[in-house]
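The structure appears below as structure tokens.
Values in this text are rule-based calculations from the coordinates and carry no lab data. Keep in mind that what you see is a predicted model, and the values were worked out from it rather than measured. Virtual Cβ from ideal backbone geometry, glycine too; neighbours counted across all protein chains shown.
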């Protein structure tokens, strides 16, 4: 009976609005994880056998669909998209926001509910609203720590 190595860990990046792509590449290199940078238009990615750019059609949700289909229990998905996070959690993937906060089975329901409430509020404001707070160094640091923790736990 031969024991084969488990498939490699893969980080799937919802790349269009991702501010932490460089951090993903660094942490992935340390963990020998594969990275798939998924978007509707080409992004520069490092020259590496483990890092691949995936350019999907510009149809609505094409990147999300590709990520959701390819997410599994050996994947970490990087996204701020709550509905994509839900799909990936159902596939067994771990999901992190850009600030390092994890989407989990326990938190996704309230995140979806909050999203719906915020959509309703924005619709009533006729385009007025501030958007999310600026991305900070502390967010970047929390993300690096969270991604390292998740990859370390998946390797066990």
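Of note:
- With neighbour counts taken as other beta-carbon atoms within 10 Å, the residues 23, 119 rank, fewest first, as 119, 23.
- Approximate shape of the chain as ellipsoid semi-axes (Cα gyration tensor, √5λ), whole Å, largest first: 27, 17, 16
- Helix-only arithmetic for the chain: the sum of -39500 (n - 2.57) across DSSP H runs with n ≥ 4, divided by the residue total, places the mean residue ellipticity at 222 nm at -13000 deg cm²/dmol.
- Take every pair of alpha-carbon atoms less than 8 Å apart whose residues are at least six positions apart; their mean separation over the length of the chain yields a relative contact order of 21 percent.
- Computed over the range 8-85, Cα set: Rg, Dmax in Å: 11.5, 34
- Cα-based helix-to-principal-axis angle, 21-31 vs the chain, degrees rounded to 10: 30
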